[in-house]
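The structure appears below as structure tokens.
The values are calculated or read from the model by the stated rules, or taken from the named source; none is laboratory data. Keep in mind that this is a model prediction, so the values were computed, not measured. Note that each Cβ is placed from the backbone with ideal geometry, even for glycine, and that neighbours are counted across all protein chains shown.
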Amino acid sequence: MDDIVIPGGLLPSYREQSAAVRARFESLAAREVILTVSKLHKTFESEGKTTLALKDINFSTHRREFLCVVGPSGCGKSTLVRILAGLEEHSSGDVLLQGQPVSGPGRDRGMVFQGYTLFPWLTVKKNVMFGLEVNGHGKLECEREAMQWLQLVGLEKFADVYPHQLSGGMKQRVAIVRALANQPRILLMDEPFGALDAQTRCRMQAHLLEIWRKIDITIVFITHDLDEAIFLADRILVLSAHPGEIQELIEVPVPRPRSVAQIVSAPFLATKARLEELIYSGAHEPAEEEQYPIMGRMTHVTDNVE
Amino acid sequence: MARSSLFQVLRPLSPRAKLVIGILSFVLPVGLWSLVSYVPAIWHPQIMITDPGSVSYLDVGAHLARHAYDSEVEDARHEGRAPPSGVPANPIYLPSPGEVLKAFYTSFTTPPETRDGQWLAQSLWHSIRIIFWGYVISSLIGVPLGILCGAYTALARVNEPFIEFFRYLPAPAFGALMVAILGIYDGPKIAIIVIGTFFQQVLIIANTTRKLDPALLEAALTLGTRSRQLLTRVVVPAILPDLYRDQRILLGWAWTYLIVAELIGTTSGITWFITQQARFQHFPNVYAATAMIGILGLGTDMLLALLGRRLFPWDRSLAKFA
């Protein structure tokens, strides 16, 4: 089979938007701002050395926006989302949730981790009830709400099993509704599908979009999978590494509703080309990449595999 | 193939193999003991006299070293006297499994030999009470303190260096002091068990607490858990199965301190029974009573393991190794 080559010249610019997409971005921008990050800096101290992890991060998200954050490893995208969650402190700058500065973790910002982090000693239902219970809701009310949330992700049959009996995809669905049950203003997701196999990941992405469509939630989603970011996001925040700073905030020109078929559409490919250019070209800042050695031949000269 | 599948690192056994090998772990040592006891060709360094013959200082049933017996026989033959006769025997401190098995029954049914003595069951019960109170008192303070030390680094820094120092002091060294403070009866014995258990307990449980997955704490925090709720809502339930396992191990340790503890002040309990029986050279009884401690200890531990599986159905590590 010939290599599939898509000549760059034939792709439209990723900045080109159809009328419907443009109208959507206009209406999105007209919504109230949920999260504002301005002049955010984060430095780490270790062994007397100060490392700048995040440098001058500025962005804001609007209500019910789906924002993805991508970047090469070490760009501080996880640090950023942990700061938003209040699990880490920032060195300077502001993080405002509906105008209120964020200090420490709180129920207004839900979080989904890559490692599921379900409480193994609680059944699926009790896991979903956890947030409601610690926030002082009555037991009956918690139970009713938890069951409703489980129905939303089709797991009501598994209400009374323990997390270890679930598959990875099911665990992550429970983790998502556990966070959503608290009705947070914003849902932070730190590479939530990173540990899932390709097929499950695909289904989870579609499922997440479905959930997002149905409820009033703003999502900040960290990933290193560019296809995932384009498939899910309204806008993509591209970070560079060492130090982590914003390269570009891309408006994804792929129209909604999204489907898997769009992966080969022109706007999708154009966006992907731009993301790859930003992340892998190294034009912005040469990454300190390790050189892999070139191996000597260890088989007979006539014994070829290619 | 069969051999290679048995000796693979960390490979779990089939239930059948588990049972068979588990039984073997008892059958092998008992088998060895039977071999030494019942096969005269193996060891048997002494001769038990069945007929003293002309040797005046020998009685029926007396044990004599082989070479002494041989020279007596030699002398008698030489001088034309009736030689003594006897059968190969082990020293009386190594009774046969059969004798010990019989002693299991008889030691429970034999009335005390002295007026102030106790039945074996009474002695055992006394020992169990000492263990129980020592363990409970130690746990009442040690478990919460251990969890707190594990959860709060500052508290750990305040407590642990001293506890670390103290745990190296052998508990029996406090015997005399405890008698001076608590009298000669059960007080000092319980105290020795507490001293022997408590310091290890705090350190072990603090360590277990520190092994808690911090991601669970973070998840709880992002769900709006306040930091003082964390301890009861996340830390304790998360470590509970491991804590339970620690407590089982610590109960085993408490048992090992029992004999020393019971020698302090007035000797009591199973220790009193054992020393008494040893004094009368009733070695089968000594073995039976000692084995009784093992049976009680292992029995409680197996019961607790079974109970643990009921209590923590979600615990994976327990299901794998229990």
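When you check A:Ala146 against the structure, is it in contact with a Gly (Cβ under 8 Å, 6 or more places away or on another chain) and either in a helix (DSSP H, G or I) or without any contact (Cβ under 8 Å) to a residue 24 or more places away in the chain (or both), yes or no? Walk me through it before giving the result.
Working: in contact with a Gly (Cβ under 8 Å, 6 or more places away or on another chain): no; either in a helix (DSSP H, G or I) or without any contact (Cβ under 8 Å) to a residue 24 or more places away in the chain (or both): yes.
Against the criterion (in contact with a Gly (Cβ under 8 Å, 6 or more places away or on another chain) and either in a helix (DSSP H, G or I) or without any contact (Cβ under 8 Å) to a residue 24 or more places away in the chain (or both)), A:Ala146 does not qualify.
Taking the conditions exactly as written (under 21 Å from B:Ala254 (Cα atoms), in a helix (DSSP H, G or I) and modelled with pLDDT under 95), does B:Ala121 satisfy them or not?
Working: under 21 Å from B:Ala254 (Cα atoms): yes; in a helix (DSSP H, G or I): yes; modelled with pLDDT under 95: yes.
Yes: the conditions hold for B:Ala121.
Considering only segment A:24-72, state which residues are buried (at least 20 other Cβ atoms within 10 Å of the Cβ) and of a type in the set (S, T, N, Q). If you could, list the steps in order and put the result at the bottom.
Taking segment A:24-72 and keeping what is buried (at least 20 other Cβ atoms within 10 Å of the Cβ), we get A:34-35, A:37, A:40, A:42, A:53-54, A:57, A:61, A:65-72.
Hit for segment A:24-72 is A:Thr61, nothing else.
How many residues are assigned to a helix (DSSP H, G or I) and at the interface with chain B (Cβ under 7 Å from one of its Cβ atoms) when one looks only at segment A:105-130? Explain how you work it out, then say what you get.
Filtering segment A:105-130 for residues assigned to a helix (DSSP H, G or I) gives A:124-130.
Now drop any that are not at the interface with chain B (Cβ under 7 Å from one of its Cβ atoms), which leaves A:130.
Final tally of qualifying residues: 1.
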Original post:
Out of segment A:18-32, which residues are in contact (Cβ under 8 Å) with a residue 60 or more places away in the chain and within 23 Å of the chain's Cα centre (by Cα)?
Top reply: A:Val21, A:Arg24, A:Phe25, A:Leu28, A:Glu32
Subject >> The lone exception for A:Leu180 - which of (1) away from chain B (no Cβ under 14 Å); (2) within 16 Å of the chain's Cα centre (by Cα) it fails >> reply: (1)
Original post:
So which pairs qualify, if the first residue must be in segment B:259-278 and within 14 Å of B:Ile293 (Cα to Cα), the second must be among the basic types (Lys, Arg), the Cβ gap must be under 7 Å, and the two must be at least 6 apart or on different chains?
Top reply: B:Glu262/B:Lys189
Original post:
out of contact with any Cys (no Cβ under 8 Å at 6 or more places or on another chain), within 14 Å of chain B (Cβ to nearest Cβ) and acidic (Asp, Glu), is that true of A:Glu133?
Top reply: no
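Can you tell me which residue is nearest to B:Ala180 (Cα to Cα) among those in segment B:223-272 that are outside any helix (DSSP H, G or I) and at the interface with chain A (Cβ under 9 Å from one of its Cβ atoms)?
Let us first name the residues in segment B:223-272 that are outside any helix (DSSP H, G or I), namely B:223-226, B:257, B:264-268.
Adding the requirement that they be at the interface with chain A (Cβ under 9 Å from one of its Cβ atoms) leaves B:223-226.
Details: B:Leu223: 55, B:Gly224: 53, B:Thr225: 50, B:Arg226: 48 Å.
Out of the qualifying residues, it is B:Arg226.
Would you point out the residue of segment A:84-104, among those that are part of a loop (DSSP other than H, G, I, E, B) and among the acidic types (Asp, Glu), that is farthest from B:Leu311 (Cα to Cα)? Quick ask: steps written out before the conclusion?
Just the residues of segment A:84-104 that are part of a loop (DSSP other than H, G, I, E, B), to begin with: A:86-91, A:98-99, A:102-104.
Narrowing the set further to residues that are among the acidic types (Asp, Glu) leaves A:88-89.
Details: A:Glu88: 36, A:Glu89: 39 Å.
Of everything passing the filter in segment A:84-104, A:Glu89 is farthest from B:Leu311 (Cα to Cα).
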Original post:
So how many residues does segment A:150-169 have that are in a helix (DSSP H, G or I) and away from chain B (no Cβ under 13 Å)?
Top reply: 8
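Please work out if A:Val124 is of a type in the set (A, V, I, L, M, F, W, C), more than 15 Å from A:Met189 (Cα to Cα), buried (at least 20 other Cβ atoms within 10 Å of the Cβ) and out of contact with any Gly (no Cβ under 8 Å at 6 or more places or on another chain).
Values: of a type in the set (A, V, I, L, M, F, W, C): yes; more than 15 Å from A:Met189 (Cα to Cα): yes; buried (at least 20 other Cβ atoms within 10 Å of the Cβ): yes; out of contact with any Gly (no Cβ under 8 Å at 6 or more places or on another chain): yes.
When the stated conditions are applied, A:Val124 passes them.
For the condition out of contact with any Pro (no Cβ under 9 Å at 6 or more places or on another chain), under 21 Å from B:Val202 (Cβ atoms) and surrounded by 14 or more Cβ atoms within 10 Å (Cβ to Cβ), what is the one hit in B:Ser138, B:Ser127?
B:Ser138
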**OP:** Determine, yes or no, whether B:Val9 is free of Cβ contacts under 8 Å to residues at least 40 places away in the same chain, over 23 Å from B:Pro284 (Cα atoms) and out of contact with any strand residue (DSSP E or B) (no Cβ under 8 Å at 6 or more places or on another chain).
**Re:** yes
**OP:** Restricting attention to segment B:273-322, report how many residues are in contact with a Lys or Arg (Cβ under 8 Å, 6 or more places away or on another chain), among the small types (Gly, Ala, Ser) and either modelled with pLDDT of 90 or more or surrounded by 15 or more Cβ atoms within 10 Å (Cβ to Cβ) (or both).
**Re:** 2
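Give the residues of segment A:86-98 that are away from chain B (no Cβ under 12 Å) and closer than 15 Å to A:Pro184 by Cα, sorted by residue number. Before the answer, list the steps.
Within segment A:86-98, the subset away from chain B (no Cβ under 12 Å) is A:89-98.
A:Leu96, A:Leu97, A:Gln98, listed by residue number.
Answer yes if at least one residue in segment A:136-143 is crowded, with 18+ Cβ neighbours inside 10 Å and more than 13 Å from every other protein chain (Cβ to nearest Cβ), and no otherwise. Break it down into steps so the answer makes sense when it comes.
The initial filter retains those residues of segment A:136-143 that are crowded, with 18+ Cβ neighbours inside 10 Å, namely A:142-143.
Filter once more, keeping what is more than 13 Å from every other protein chain (Cβ to nearest Cβ): A:143.
Yes, that holds for at least one residue.
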**OP:** Taking B:Val73 as meeting all but one of (1) more than 21 Å from B:Arg279 (Cα to Cα); (2) surrounded by fewer than 13 Cβ atoms within 10 Å (Cβ to Cβ), write down the number of the exception.
**Re:** (2)
Subject >> Restricting segment B:210-222 to residues that are surrounded by fewer than 24 Cβ atoms within 10 Å (Cβ to Cβ) and assigned to a helix (DSSP H, G or I), the residue that is farthest from the other protein chains (Cβ to nearest Cβ) >> reply: B:Arg210
Subject >> Within segment B:96-118, tally of residues that are of a type in the set (S, T, N, Q) and in a loop (DSSP other than H, G, I, E, B) >> reply: 4
**OP:** Filter segment A:6-57 down to residues that are at pLDDT below 90 and among the charged types (D, E, K, R), then give me how many there are.
**Re:** 5
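Would you say A:Leu118 is surrounded by 18 or more Cβ atoms within 10 Å (Cβ to Cβ) and within 30 Å of B:Arg310 (Cβ to Cβ)?
Yes: the conditions hold for A:Leu118.
Output the residues belonging to segment B:149-168 that are free of Cβ contacts under 8 Å to residues at least 60 places away in the same chain and in contact with a helix residue (DSSP H, G or I) (Cβ under 8 Å, 6 or more places away or on another chain).
Residues of segment B:149-168 that are free of Cβ contacts under 8 Å to residues at least 60 places away in the same chain, as a first pass: B:152-168.
The answer is B:Leu155, B:Ala156, B:Asn159, B:Glu160, B:Ile163, B:Glu164, B:Phe166, B:Arg167.
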